[in-house]
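Inspection log for the structure reproduced underneath, given as structure tokens.
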Amino acid sequence: MLSVRRKIALQVVVSNLSTVVNFALAVILARLLSPDDIGVFSMSAVLIAIAHTFRDFGVTTYLKREKDLTDQTIRTARGLLYFTSWSMALAMFFSAGFWAGFFNEPRVEDVVHVLALGFIFIPFGAIAQAVMTRELNVVQSAKVAAVSTTVYFFASVCLALLGFKHMTMAWANLINILIVGLAYNFFLGRRLPWMPSMKGWRSMVSFGTANVLTSLCKVLNTSIPDLVLGRLSVASDVGLFSRATSTVNMVGKVIEPSISYFTLPYMARIHHTTGNVSGDYLRASSIINSVLLPVLVWVALMAHDIVSFLFGEQWLAAVPAIPWLCAATGIATLFSLSAQTVTSVGRPFAALPPLVLLIAGKLLAVYLLYDGSLKSFAIALLIGEMVSAPAYIYLNRKLLRVHLQPWAIDVCKTLLAATVAGVALAVLLAQALDSVPILVRLLITFPFMMVLSVLCFEVVRLPIAKELRNALSAVAERRK
């Protein structure tokens, strides 16, 4: 457990540094590109994200959770990945014109062409990345992350300055894929079998079919704003809503890489060893909720200041959607570990029904509530999250043996702590910070919210309070 904690700590530090750099890039690109430019890229990228689920076909997930990894397994994974990736590259490249017509936006075609080219090169680094993650090799992963972040940052800024507009991130993405594929194989430190094979492909395809359906639903869920708004509205609305979503997810991006990196392989190890992941699920879920929910409350209260200071006046039309997106993200956070944990215990199909219900709920709510405003669209997404919550609770209880009572008590404690801190922040804003400059308000309110939340965590005795005490004790011991 101590080793895992240290690896998680390192991964969090690495992801934090990457998040800071990517956040700085988002701020810079918001000044160099227009909502229309970013909207065109978002509409194109969502198609590629959907294609990625078929491109990977669950191969990398299979490698991460397989109990014993042999050279033959790697060769079979490589052969299957070459076939699926290159097939999807051809499919997306030659269907680009169709998607441009679907969105009634000719510029989508050129972006999809460039993004599809990346599928040709992704398989060369994907196997090494899966093996590195399976082994929880955080140090080498950190080196690759440093390369990826640096390459994408400078490529994006240079291309934007050179006037590539909506093509900026498409070309930066292709450059990044080429460099990162080389980096994964270099930093892995050993040669993997390169000769592809299709021997034993049936078991991998059987697992992959379930994983593809689940992954496809996940992508469709996150892609609803780009797909539906792109169809019903204009590119600038897609860009504005994308900025609202990225504002809400700012802090989530700090820990999301760590969640994705550790959950599946770690829970798979626990499952193979003890057969019961409920205790680890409850503890990890509690800590994630404690980190994210107070921040979401802060973002909801400070939305206007955040957008105005970071992105500029041209993005303020995104502000009305942000509080509702914070609420929707808060509900999703409560179940952020469920799908990967279910996959880790060998039941990937089980994560499908809640996702289908989530997507159906969102689409139905959009149909009934969307009136052309971004706020109504965000409210519809919130309703979809609420509709799917009972299905996730049932999934956790049935397959992961997570009992409702301890989970609900922990969630209520976390919500109580975040609410108390949020009310105190609202009073502070109204009584003392109304006429204070935006930057000062941001610098005062965030630490105020975090410190008060931590104090509340101690009062209600959440698991994160103990983790923070252990971390402080470790720091003090090192100083001695």
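The values are calculated or read from the model by the stated rules, or taken from the named source; none is laboratory data. All values reported here derive from a predicted model rather than from experimental measurement. Ideal geometry is used to build each Cβ from the backbone, glycine not excepted, and the neighbour counts take in all protein chains shown. Quick note on the areas: whole protein, heavy atoms, side chains included, nothing else; ligands and nucleic acids left out. Shrake-Rupley method; radii C 1.70, N 1.55, O 1.52, S 1.80 Å.
List the number of the failed condition for PRO225; all other conditions in (1) of a type outside the set (A, V, I, L, M); (2) farther than 26 Å from TYR82 by Cβ; (3) part of a loop (DSSP other than H, G, I, E, B) hold.
The failed condition is (3).
Just the residues that are charged (D, E, K, R) and modelled with pLDDT of 90 or more, please, taken from region 428-457.
Answer for region 428-457, where residues must be charged (D, E, K, R) and modelled with pLDDT of 90 or more: just ARG441.
Residues that are within 30 Å of VAL59 (Cβ to Cβ), out of contact with any Asp or Glu (no Cβ under 8 Å at 6 or more places or on another chain) and open to solvent by 40 Å² or more (accessible area, probe 1.4 Å): find the helices (runs of 4 or more DSSP H) completely inside region 313-398 holding 2 or more of those.
352-369
Considering each residue of region 55-86, count those that are closer than 23 Å to VAL108 by Cβ and open to solvent by 50 Å² or more (accessible area, probe 1.4 Å), and give that number.
1
Answer yes or no: is there a residue in region 97-106 that is touching a Leu at 6+ places or on another chain (Cβ under 9 Å), in a helix (DSSP H, G or I) and either modelled with pLDDT of 90 or more or closer than 16 Å to PRO193 by Cβ (or both).
no
Scan region 273-287 and report the pairs whose first residue is under 16 Å from THR343 (Cα atoms) and whose second residue is open to solvent by 40 Å² or more (accessible area, probe 1.4 Å) and at pLDDT below 80, with Cβ atoms within less than 8 Å and a gap of 6+ or a chain change.
Close Cβ pairs (under 8 Å, with a partner that is open to solvent by 40 Å² or more (accessible area, probe 1.4 Å) and at pLDDT below 80) amount to VAL277/HIS271; ASP280/TYR266.
Is there any pair linking a residue in region 308-327 that is under 11 Å from LEU382 (Cα atoms) to one that is among the aromatic types (Phe, Trp, Tyr) and open to solvent by less than 10 Å² (accessible area, probe 1.4 Å), with Cβ under 7 Å and at least six apart or on different chains, and which?
ALA321/PHE241; ALA321/PHE377
Conditions tested, residue by residue: (1) touching a Pro at 6+ places or on another chain (Cβ under 7 Å); (2) within 26 Å of ASP410 (Cβ to Cβ).
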site	(1), (2)
LEU337	no, yes
ALA351	no, yes
LEU358	no, yes
LEU364	no, no
LEU368	no, no
ALA380	no, no
SER388	yes, yes
TYR392	yes, yes
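Can you find a residue in region 2-24 that is modelled with pLDDT of 85 or more, surrounded by fewer than 23 Cβ atoms within 10 Å (Cβ to Cβ) and either within 28 Å of VAL248 (Cβ to Cβ) or not polar (S, T, N, Q) (or both)?
yes
Of the residues that sit in region 399-451 and are in contact (Cβ under 8 Å) with a residue 40 or more places away in the chain and outside any helix (DSSP H, G or I), which one is surrounded by the most Cβ atoms within 10 Å (Cβ to Cβ)?
Filtering first and then ranking leaves LEU400.
Hey, does region 268-275 have a residue that's among the hydroxyl-bearing types (Ser, Thr, Tyr), at pLDDT 85 or above and either assigned to a helix (DSSP H, G or I) or open to solvent by 50 Å² or more (accessible area, probe 1.4 Å) (or both)?
no
Based on what the data block shows, is ALA183 among the aliphatic types (A, V, I, L, M), without any contact (Cβ under 8 Å) to a residue 60 or more places away in the chain and over 30 Å from LEU355 (Cα atoms)?
When the stated conditions are applied, ALA183 passes them.
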